[in-house]
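Everything on this sheet refers to the single structure shown next.
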Amino acid sequence: MNVLVLNSSYMPAGVIGWRKSIKLLFMNKADIIEPSEYMIKGINRDYVIPDVIRLKYYNRVSYTSYKYCRTNIYKRDRYRCRYCNKLLKLTGPITIDHIVPKSRGGKDTWENTITSCMECNHKKGDLTPEEAGLVITPGSLKPTYFINLATLNPKWIKYIPIA
Ligand SMILES: [Zn+2]
C-alpha cells in the first residue's frame, strides 16, 4: 500500500510505502491529510495508515518505492525524447541515454539516464549534452508521482495537477 506525499506547499512530492509514512508521522515530520480505512496496531496505541500525508519541514523525500529500470525511465519521461521532445513508442526505436557518458564515469541513476530517440542518442555519442549542443527538456529527473497512474489511489487525484 502506497502513500502520496505532499510537500509543505501541498504539491505532490512522491509516493512512499505505508511503513515509511508511519515512520514520518511518528517522528512528527508529517501530518495526515487523508486517512485510509486501515489501522496498524502499535504498542501503546493504534495508528491510522494514511492515504495522503504532508511534510512539515522539508520538501525532499526519497523515491525508494520506484524500481530503477528502463520502463520506469520511459514512463518518467512520458515516452518522449528528453532532447528533442519527440514522442516515442515502446515498439519503435527508443533508447536510454547517459547524460554523463558511461565512458566518462556516468552512472546508471535516475539523474543520469534519460529517454532518447536514436537520432539524438547518436548525435550525443560520448559527449556531454553541452558538448553535443543538446538541451534536456524541463522536468524532473527523479521519478515522480505519475509513474504508477495505473495504481493511482482515487483519494490522491485532487492533489495531483493535471499534466
Ligand atoms: Zn531526440
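A few remarks follow.
- Only a single item in (1) of a type in the set (S, T, N, Q); (2) in contact (Cβ under 8 Å) with a residue 12 or more places away in the chain; (3) within 16 Å of Thr71 (Cβ to Cβ); (4) in a loop (DSSP other than H, G, I, E, B) is not met by Thr91, and it is number (2).
- Considering the conditions (1) within 14 Å of the ligand (Cβ to nearest atom); (2) without any contact (Cβ under 8 Å) to a residue 12 or more places away in the chain, Pro129 is excluded by exactly one of them, (2).
- The set of residues in region 77-120 that are away from the ligand (no atom under 16 Å from the Cβ) and closer than 29 Å to Trp18 by Cα comprises Asp108, Thr109, Trp110, Glu111, Asn112.
- Selected residue (only one of Tyr83, Tyr47, Tyr38 is of a type in the set (Phe, Trp, Tyr), outside any strand (DSSP E or B) and touching a residue at least 24 places away in the same chain (Cβ under 8 Å)): Tyr83
- Residue within region 39-48 that is surrounded by 14 or more Cβ atoms within 10 Å (Cβ to Cβ), out of contact with any Phe, Trp or Tyr (no Cβ under 6 Å at 6 or more places or on another chain) and of a type outside the set (A, V, I, L, M) present: yes
- Residues within region 84-97 that are out of contact with any strand residue (DSSP E or B) (no Cβ under 6 Å at 6 or more places or on another chain) and buried (at least 17 other Cβ atoms within 10 Å of the Cβ), tallied: 2
- Residues of region 56-104 that are among the aliphatic types (A, V, I, L, M) and modelled with pLDDT of 80 or more: Ile73, Leu87, Leu88, Ile94, Ile96, Ile99, Val100.
- Residue in region 11-19 that is open to solvent by 50 Å² or more (accessible area, probe 1.4 Å) and modelled with pLDDT of 90 or more present: yes
- Residue check, Tyr74 crowded, with 16+ Cβ neighbours inside 10 Å and aromatic (Phe, Trp, Tyr): yes
- Only listed residue being hydroxyl-bearing (Ser, Thr, Tyr), within 21 Å of the chain's Cα centre (by Cα) and under 24 Å from Lys158 (Cβ atoms), chosen from Tyr57, Tyr83, Tyr74, Tyr38: Tyr57
- Counted residues, region 20-38 - those being touching a Pro at 6+ places or on another chain (Cβ under 7 Å) and open to solvent by 60 Å² or more (accessible area, probe 1.4 Å): 2
The values are calculated or read from the model by the stated rules, or taken from the named source; none is laboratory data. What you are looking at is a predicted structure, and each value in this text was computed from that prediction instead of being measured. For neighbour counting, all protein chains shown are included, and Cβ atoms are generated from backbone atoms with ideal geometry for every residue, glycine included. When the accessible area is computed, the model is the full protein with side chains, heavy atoms only, and any ligands, DNA or RNA have been set aside. Shrake-Rupley method; radii C 1.70, N 1.55, O 1.52, S 1.80 Å.
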